[in-house]
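The values are calculated or read from the model by the stated rules, or taken from the named source; none is laboratory data. Since the structure is predicted, the reported quantities are computational estimates derived from the model, not experimental observations. Please note: Cβ atoms are built from the backbone with ideal geometry, for glycine as well, and neighbour counts cover all protein chains shown. We work out accessible area using only protein heavy atoms, side chains counted, and drop any ligands, DNA or RNA first. Shrake-Rupley method; radii C 1.70, N 1.55, O 1.52, S 1.80 Å.
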Amino acid sequence: MAQAVEEWYKQMPIITRSYLTAAIVTTIGCSLDIISPYNLYLNPKLVVKQYEVWRLITNFLYFRKMGNLF
């Protein structure tokens, strides 16, 4: 089973694989309180005035904290 997941992951195009990896790392980082979701959301004022350009990309990587779904 582990080999099937590894093969599936390696067969993805590099852009898809990179996006998937970044999204998983960002979501897990927020779930473990390593990264704050407030540092990721798109805030145009902070992008323009304080040059926080990462906000243009990171808002697409975070979905929600993992936890109890019910």
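Give segment 1-46 a look and list any residue that's within 11 Å of Tyr62 (Cα to Cα) and polar (S, T, N, Q), or say none.
Thr26, Thr27, Ser31, Ser36, Asn39
Conditions: (1) open to solvent by less than 70 Å² (accessible area, probe 1.4 Å); (2) modelled with pLDDT under 85. Met12 meets all but one. Number of the miss?
Condition not satisfied by Met12: (2).
When you scan segment 15-49, how many residues do you find that are surrounded by fewer than 13 Cβ atoms within 10 Å (Cβ to Cβ), at pLDDT 85 or above and among the small types (Gly, Ala, Ser)?
The total comes to 1.
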